[in-house]
Amino acid sequence: QRPLQIVVGASGAGKSSFIHAGVLAALPPTYRVLTMRPGGAPLAALQARLADLHTDAPTVVVIDQLEELFTLCTSADERTRFAATLAELIAPTEPSLRIICTIRDDFLMQLEALTPLRPLLSPALVLLGNPSRDTLVRILVEPARRAGYTLSDPALAHDIVSAVPDRPGALALLSFTASRLWELRDRRFRQLTRSAYDAMGGVGGALGQHAESTFDALTPPEKQATRELFRHLVTVDGTRALATDRK
């Protein structure tokens with residue numbers, strides 16, 4: 001219904017999945033879909049995709065991870081020209097082109113600072129939060145059921161969901177925990193078991209064990225580089241930062 005939609009959410013919130021598995025899958029078959037990521041040269045990337053446009057069919061251009069405008073593109077002028085191009089593309093009263101973007105929430109104000117897009121943002125924003133608790137439980141139970149597995153304890157799914165309440169990365173944490181449970185599944189009785197969940201220390205323990213085992217497998221120089229890298233992953237105000245090459 002709108003020529004521009006920008007899906008905003010935390011890292012790991014499922015923005016790309018929401019677009020590709022949800023929105024695009026529900027489009028009428030007459031729609032053509034072009035996908036891209038801005039990368040270090042966003043204007044060139046956009047122009048390359050627009051070269052594939054056909055005016056005889058309604059088209060959706062998906063620009064995934066729009067935050068790359070700020071994390072990978074180093075030219076402020078190119079960012080502005082990219083924003084101006086988007087504004088021009090959706091300018092017609094009845095455009096045959098629709099643009100859908102995804103962006104991390106901690107880059108939203110930087111996007112708002114791009115003058116050509118500023119007046120277009122407010123009606124275009126779609127905030128993607130965590131699924132409801134019942135939906136998170138279903139996300140755990142249903143894939144296992146379709147694979148012929150059950151949870152050994154009916155309360156297990158609720159306990160796992162309760163371990164990630166209202167966290168911005170709840171879906172990512174849930175996905176990681178579910179994948180570990182699947183690896184430790186009881187193939188004989190075709191179950192995901194509470195004993196496996198307890199053994200890996202719950203949600204936090206599963207992530208911690210994975211991080212520790214990954215770090216322990218590194219060589220001493222790699223461990224030192226990892227420590228240095230992690231110090232540069234977060235800014236002083238708590239947002240994620242781009243880790244560039246450091247000589």
In segment 180-218, which residues are touching a helix residue (DSSP H, G or I) at 6+ places or on another chain (Cβ under 8 Å) and of a type in the set (Lys, Arg)?
-> ARG180, ARG185, ARG194
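Taking the stated definitions as given, is ARG167 of a type in the set (Lys, Arg), free of Cβ contacts under 8 Å to residues at least 12 places away in the same chain and open to solvent by 50 Å² or more (accessible area, probe 1.4 Å)?
The answer is no for ARG167.
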Using the structure shown, decide if ASP186 is more than 29 Å from GLY9 (Cβ to Cβ) and surrounded by fewer than 16 Cβ atoms within 10 Å (Cβ to Cβ).
-> yes
Yes or no: PHE230 open to solvent by 80 Å² or more (accessible area, probe 1.4 Å) and part of a loop (DSSP other than H, G, I, E, B)?
-> no
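Out of all the residues in segment 63-84, which are touching a helix residue (DSSP H, G or I) at 6+ places or on another chain (Cβ under 6 Å) and in contact (Cβ under 8 Å) with a residue 40 or more places away in the chain?
Of all residues in segment 63-84, those touching a helix residue (DSSP H, G or I) at 6+ places or on another chain (Cβ under 6 Å) come to 64, 67, 69-70, 73, 78-79, 81-82.
Within segment 63-84, ASP64, GLU67, LEU69, PHE70, PHE82 meet the criteria.
Yes/no matrix, rows are residues, columns are (1) in a loop (DSSP other than H, G, I, E, B); (2) open to solvent by 80 Å² or more (accessible area, probe 1.4 Å); (3) over 30 Å from GLY40 (Cβ atoms); (4) modelled with pLDDT of 90 or more:
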| position | (1), (2), (3), (4) |
| --- | --- |
| GLY205 | no, no, yes, no |
| THR214 | no, no, no, yes |
| PRO221 | no, yes, no, yes |
| THR226 | no, no, no, yes |
| ASP237 | yes, yes, no, no |
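Of the residues ASP77, ASP64, ASP52, only one is of a type outside the set (Gly, Ala, Ser), at pLDDT 95 or above and over 24 Å from the mean Cα position of the chain (by Cα); which?
ASP77
The values are calculated or read from the model by the stated rules, or taken from the named source; none is laboratory data. Model, not experiment: these values are computed from the prediction. Cβ: placed from backbone, ideal geometry, glycine included. Neighbour counts: every protein chain shown. Accessible surface areas use protein heavy atoms only, side chains included; no ligands, DNA or RNA. Shrake-Rupley method; radii C 1.70, N 1.55, O 1.52, S 1.80 Å.
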